[in-house]
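*Asks:* This is the structure I have questions about; it appears just below.
The values are calculated or read from the model by the stated rules, or taken from the named source; none is laboratory data. In this text, all values refer to a predicted model and were calculated from it rather than measured experimentally. All Cβ positions, glycine included, derive from the backbone under ideal geometry; neighbour counts span all protein chains shown.
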Amino acid sequence: MFYIESQRLRLIPLTNEMFQSCLKDRAAFETSLGLIPSQMEVDAFFKKEYDDAVVNYWLPNLAAYPDQYLWITNWEIVSLEHNTIIGGIGMGGLNMVDGEATTGYMIDKKHWNKGYATEALLLICDWAFSHPQVLSIRANTLIDGYASQRVLIKAGFVQISAEEKELVFKKLR
């Protein structure tokens, strides 16, 4: 199983099979990885975003492009200290024309304000930028998502535009 790791976190990208197992029975899936089953607390808005991504992005793309799964999946964020999943960070594809990758993340409410989102974002950015074709990474956040905006800024992202409900940030290689 492929993963990347920092001092406190392990990021595990889900293959199509792993995703299917996770959706069928999350606790059993987590136990199969040797983890303590998580009881994540997630805002309703982010739960809806996650569910939408599962149905409309991750599952169809994982089925169609299994060899590209690292760029089109959710990566589980595991706390090494707690041996449990504390969130997710995703890659939303890599545009081979302009070299831009897209990312997004969420952290279990019980683990907010501990630097995990920033650490996970830095870790996945370092991994993405280790691929020469990746020239930039984009992330969108809600206009009133101040905590997420702080995470992006701490991780070296710069706001490049504002849309109706979201701000757009980018990090260059």
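*Asks:* Say whether the condition of being among the small types (Gly, Ala, Ser), within 24 Å of residue 131 (Cα to Cα), in contact with a strand residue (DSSP E or B) (Cβ under 7 Å, 6 or more places away or on another chain) and crowded, with 17+ Cβ neighbours inside 10 Å is met by at least one residue in the range 89-97. Break it down stepwise before answering.
*Replies:* Within the range 89-97, the first condition is being among the small types (Gly, Ala, Ser), and the residues that meet it are 90, 92-93.
If we keep only those that are within 24 Å of residue 131 (Cα to Cα) as well, we get 90, 92-93.
From the residues that got through so far, the ones that are in contact with a strand residue (DSSP E or B) (Cβ under 7 Å, 6 or more places away or on another chain) too are 90, 92-93.
Among the residues that remain, those that are also crowded, with 17+ Cβ neighbours inside 10 Å are: 90, 92.
Looking through the range 89-97, at least one residue is among the small types (Gly, Ala, Ser), within 24 Å of residue 131 (Cα to Cα), in contact with a strand residue (DSSP E or B) (Cβ under 7 Å, 6 or more places away or on another chain) and crowded, with 17+ Cβ neighbours inside 10 Å.
*Asks:* Another question about this same structure. Determine if the range 34-45 includes at least one residue that is closer than 18 Å to residue 86 by Cβ, without any contact (Cβ under 8 Å) to a residue 24 or more places away in the chain and part of a loop (DSSP other than H, G, I, E, B).
*Replies:* Taking the range 34-45 first, the residues closer than 18 Å to residue 86 by Cβ are 34-43.
Of the ones still in play, those that are also without any contact (Cβ under 8 Å) to a residue 24 or more places away in the chain are 39.
Remaining after also requiring part of a loop (DSSP other than H, G, I, E, B): 39.
Yes; the residues of the range 34-45 include at least one that is closer than 18 Å to residue 86 by Cβ, without any contact (Cβ under 8 Å) to a residue 24 or more places away in the chain and part of a loop (DSSP other than H, G, I, E, B).
*Asks:* Give just the number: which of (1) closer than 19 Å to residue 53 by Cα; (2) touching a helix residue (DSSP H, G or I) at 6+ places or on another chain (Cβ under 7 Å) does residue 95 not satisfy?
*Replies:* With (1) closer than 19 Å to residue 53 by Cα; (2) touching a helix residue (DSSP H, G or I) at 6+ places or on another chain (Cβ under 7 Å) applied to residue 95, the lone miss is (2).
*Asks:* I've got another one for you. If I filter the range 41-66 down to residues being more than 11 Å from residue 15 (Cα to Cα) and within 13 Å of the chain's Cα centre (by Cα), which single residue comes out as modelled with the lowest pLDDT?
*Replies:* Ranking the qualifying residues of the range 41-66, first place goes to 46.
*Asks:* While we're on this one: I need a count of the residues in the range 69-88 that are farther than 14 Å from residue 138 by Cβ, outside any strand (DSSP E or B), touching a strand residue (DSSP E or B) at 6+ places or on another chain (Cβ under 9 Å) and in contact (Cβ under 8 Å) with a residue 24 or more places away in the chain. Please lay out each step first, then the result.
*Replies:* Narrowing the range 69-88 to residues farther than 14 Å from residue 138 by Cβ: 69-70, 72-88.
Next, from what is left, pick out any that are outside any strand (DSSP E or B): 69-70, 72-73, 80-83.
In the following step, the residues that additionally are touching a strand residue (DSSP E or B) at 6+ places or on another chain (Cβ under 9 Å) were identified as 69-70, 72-73, 80.
Cutting the leftovers down to in contact (Cβ under 8 Å) with a residue 24 or more places away in the chain gives us 69-70, 73, 80.
Counting residues in the range 69-88 that are farther than 14 Å from residue 138 by Cβ, outside any strand (DSSP E or B), touching a strand residue (DSSP E or B) at 6+ places or on another chain (Cβ under 9 Å) and in contact (Cβ under 8 Å) with a residue 24 or more places away in the chain gives 4.
*Asks:* Being hydrophobic (A, V, I, L, M, F, W, C) and over 24 Å from residue 82 (Cα atoms) is the filter here, so list the residues in the range 95-142 that pass it. Spell out the reasoning first.
*Replies:* Our first condition is that a residue be hydrophobic (A, V, I, L, M, F, W, C); within the range 95-142, this holds for 96-97, 101, 106-107, 112, 117, 120-125, 127-129, 134-135, 137, 139, 142.
Passing the criteria: 96, 97, 101, 128, 129, 134, 135, 137, 139, 142.
*Asks:* Condition first: under 14 Å from residue 89 (Cβ atoms) and of a type in the set (Ser, Thr, Tyr). Now tell me which residues in the range 131-173 satisfy that.
*Replies:* Matches in the range 131-173: 141, 148.
*Asks:* Would you check if residue 121 is out of contact with any His (no Cβ under 6 Å at 6 or more places or on another chain), surrounded by 22 or more Cβ atoms within 10 Å (Cβ to Cβ) and under 24 Å from residue 158 (Cα atoms)? Before the answer, list the steps.
*Replies:* On the way: out of contact with any His (no Cβ under 6 Å at 6 or more places or on another chain): yes; surrounded by 22 or more Cβ atoms within 10 Å (Cβ to Cβ): yes; under 24 Å from residue 158 (Cα atoms): yes.
It is true that residue 121 is out of contact with any His (no Cβ under 6 Å at 6 or more places or on another chain), surrounded by 22 or more Cβ atoms within 10 Å (Cβ to Cβ) and under 24 Å from residue 158 (Cα atoms).
*Asks:* Here are 3, 57, 50: which of them is farther than 24 Å from residue 114 by Cβ and surrounded by 12 or more Cβ atoms within 10 Å (Cβ to Cβ)? Talk me through it step by step, then tell me what you get.
*Replies:* On the way: 3 fails: farther than 24 Å from residue 114 by Cβ; 50 fails: farther than 24 Å from residue 114 by Cβ.
Exactly one residue qualifies, and that residue is 57.
*Asks:* Quick one: which of 141, 103 is buried (at least 18 other Cβ atoms within 10 Å of the Cβ), more than 11 Å from the chain's Cα centre (by Cα) and touching a residue at least 12 places away in the same chain (Cβ under 8 Å)?
*Replies:* Details: 103 fails: more than 11 Å from the chain's Cα centre (by Cα).
Every option except 141 fails the conditions.
*Asks:* Name the single residue that is farthest from residue 122 (Cα to Cα) among those in the range 144-173 being assigned to a loop (DSSP other than H, G, I, E, B) and touching a strand residue (DSSP E or B) at 6+ places or on another chain (Cβ under 6 Å). Spell out how you get there, then give the answer.
*Replies:* The first filter runs over the range 144-173 and keeps only residues assigned to a loop (DSSP other than H, G, I, E, B), leaving 144-145, 155-157, 163-165, 173.
From what is left, the residues that are touching a strand residue (DSSP E or B) at 6+ places or on another chain (Cβ under 6 Å) are 156-157.
Working: 156: 9, 157: 10 Å.
Filtering the range 144-173 for residues that are assigned to a loop (DSSP other than H, G, I, E, B) and touching a strand residue (DSSP E or B) at 6+ places or on another chain (Cβ under 6 Å), the one farthest from residue 122 (Cα to Cα) comes out as 157.
*Asks:* Return only the number of the condition from (1) surrounded by 13 or more Cβ atoms within 10 Å (Cβ to Cβ); (2) assigned to a helix (DSSP H, G or I) that residue 126 does not satisfy.
*Replies:* Tallying (1) surrounded by 13 or more Cβ atoms within 10 Å (Cβ to Cβ); (2) assigned to a helix (DSSP H, G or I), residue 126 fails exactly one: (1).
*Asks:* Of (1) closer than 17 Å to residue 13 by Cα; (2) out of contact with any Cys (no Cβ under 9 Å at 6 or more places or on another chain), residue 76 satisfies all except one. Which?
*Replies:* Status for residue 76: all satisfied but (2).
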